[in-house]
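The structure appears below as structure tokens.
The values are calculated or read from the model by the stated rules, or taken from the named source; none is laboratory data. None of the values given here were measured: they were computed from a predicted structure. Cβ sites come from the backbone with ideal geometry, for glycine too, and all protein chains shown count toward neighbours. In case anyone asks, the SASA skips ligands and DNA or RNA and just uses the protein heavy atoms, side chains included. Shrake-Rupley method; radii C 1.70, N 1.55, O 1.52, S 1.80 Å.
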Amino acid sequence: HIEKVRAIYKTKRDAMAEALTRRAGGLLRFDIPDGGLFLWCECDMDGRDLCLAAGKLGVAAVPGCSFLADESQVSKAIRLNYSLPTLEQIEKGVDLLAQAVRSF
């Protein structure tokens, strides 16, 4: 079962990374993780602002400041989860996220 789940998450991780590169290349920077369920993306704006703009378009993301000891600090990062959405939802979500990034 673990091998099956790992293959599913790898496919979703790769799909999200490829979509981000294609649609938001240069606007969001990230490393492809060896494991886990998330992509950590760096941007040139406050991650909170980006998450709010993305949320208005129906895309959920977690601002990087949520992972700081002092959440009032600015973080130019967001965390994206690829475990729950389908491949089609990943494509649509990344497209909307790229729109949100470009709005800044």
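The single condition among (1) touching a residue at least 60 places away in the same chain (Cβ under 8 Å); (2) among the small types (Gly, Ala, Ser); (3) surrounded by 14 or more Cβ atoms within 10 Å (Cβ to Cβ) that Ser83 does not meet is (3).
Checked against (1) in contact with a Ser or Thr (Cβ under 8 Å, 6 or more places away or on another chain); (2) free of Cβ contacts under 8 Å to residues at least 24 places away in the same chain, Asp46 passes all but a single condition, namely (2).
In the set (1) crowded, with 17+ Cβ neighbours inside 10 Å; (2) more than 20 Å from Arg29 (Cβ to Cβ); (3) of a type in the set (Gly, Ala, Ser), Gly93 fails one condition alone, (2).
Take Gly25 and decide whether it is modelled with pLDDT under 95 and closer than 23 Å to Ser103 by Cα. Spelling it out, Gly25 is indeed modelled with pLDDT under 95 and closer than 23 Å to Ser103 by Cα.
Checked across region 72-91, the condition of being assigned to a helix (DSSP H, G or I) and either within 11 Å of the chain's Cα centre (by Cα) or at positive phi (or both) holds for at least one residue. Checked against the criterion of being assigned to a helix (DSSP H, G or I) and modelled with pLDDT of 95 or more, region 32-42 contains not a single residue that satisfies it.
Exactly one residue out of Arg23, Arg6 is of a type in the set (Lys, Arg), surrounded by fewer than 18 Cβ atoms within 10 Å (Cβ to Cβ) and part of a helix (DSSP H, G or I): that is Arg6. Reported count of residues in region 44-59, each being hydrophobic (A, V, I, L, M, F, W, C), in contact with a Leu (Cβ under 9 Å, 6 or more places away or on another chain) and open to solvent by 60 Å² or more (accessible area, probe 1.4 Å), is 1.
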